[in-house]
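Reading through the structure tokens given below for one structure.
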Amino acid sequence: LSLAVQAQPLRLYTEEYPPINFSENGQPTGLATEVVQAIMQRTGQNAPITVVPWARGYQQALSRPNTGLFVAMRTREREQLFKWVGPITRNVTSFYALRRSFVSIQRLEEAREYGEIAVPRDWYSHQSLLARGFTNLTPVTGPAQVVSMLKRGRVKLMVLDNLSLNALLTQGDIQADEVQLLFEFMHSDSYIAFSQQTDDALIARWQRELDTMKSDGSFAAIHQKWLPGEPLPPLEPAPAP
């Protein structure tokens, strides 16, 4: 890497995706935020973490040197676009509907024919469904807007993951039992995604510190605080499915 690239300060971006990463009183917080802050403490770094709409953070991490975005699902579509540090969480992504709308679809083929589907713009689920030929997607700013569209009846279907669902429903003033899981669609692990122009030494160092946190119990403590009872992600990074 050129010295100019190495000299660029590290920048970190995240989005409103409770309880994994989100803002509270203008400050970034959540499971992944605490993990990232702990890694920086261990490496002696102090980069700003900016909470932005996902699509904006995604563009920054695609194009700008020394830029990280978290958390990002590691998918086949993204594998070559970023350098990865993780995994941070293990997620199951599913199709959901309101119980009162009596939707009974169970397969992707049916969902492809079924009205509009709300997804967060440029999320892994949006990209993955586009790659599968879906033309009935309604991309919105973030997961809270997905819940809001479902609640207002603007869409009959939404695609979200199990880890954020309860926090998002609470925020959106929907009872958990008003929403029905139709079928699971993807299993994926989330990571910190760094731009390709980020120094390999930084990637290796962050991965090493994360692995150390997993072996010394400090990662499990953060995970348990934000996702009590949820299984920990695997220790080793896995290549994308």
Kindly identify segment 86-195 as rounded, prolate or oblate by the Cα gyration tensor criterion: order the square roots of the eigenvalues as a ≥ b ≥ c, call it rounded if a/c is under 1.5, otherwise compare a/b with b/c, prolate if a/b is larger, else oblate.
-> oblate
Out of Phe134, Phe22, Phe102, any idea which swings most in a Gaussian network model of the chain, alpha carbons joined below 10 Å?
-> Phe102
222 nm [θ] for the chain, helices only, -39500 (n - 2.57) per DSSP H run of 4+, per residue, to 500?
-> -10500 deg cm²/dmol
For segment 60-115, what class follows from the C-alpha gyration tensor (a ≥ b ≥ c being the square roots of its eigenvalues): rounded when a/c is under 1.5, otherwise prolate if a/b is larger than b/c, else oblate?
-> prolate
Does anyone have the angle between helix 54-63 and the longest principal axis of the chain? Alpha-carbon axes, 0 to 90°, nearest 10?
-> 40
Orientation-averaged projected area, Cα convex hull of segment 142-241 (nm²) | 8.6
Heavy-atom accessible surface of segment 95-143: percent carbon and sulfur, 1.4 Å = 49
Cα shape, segment 117-167, gyration tensor, a/c 1.5 rule = oblate
When the Kirkwood radius is taken over all Cα pairs of segment 166-211, what Stokes-Einstein diffusion coefficient follows at 20 °C and 1.002 mPa s, in µm²/s?
-> 147
With θ set to phi - 60° and the Karplus curve 6.51 cos²θ - 1.76 cosθ + 1.60, what are the ³J(HN,Hα) couplings of segment 226-235 in order, to the nearest whole Hz, using x for Gly and Pro?
-> 9, 10, x, x, 7, x, 5, x, x, 5
Expressed as a rounded percentage, what relative contact order does segment 1-99 have, with Cα pairs under 8 Å and six or more residues apart?
-> 32
Considering the Cα trace of the chain, what is its radius of gyration and what is Dmax, both in angstroms?
-> 17.9, 59
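The values are calculated or read from the model by the stated rules, or taken from the named source; none is laboratory data. Bear in mind the structure is a predicted one, so any value in this text is a computation, not a measurement. Accessible surface is based on the protein model in full, side chains and every heavy atom, while ligands, DNA and RNA are left aside. Shrake-Rupley method; radii C 1.70, N 1.55, O 1.52, S 1.80 Å.
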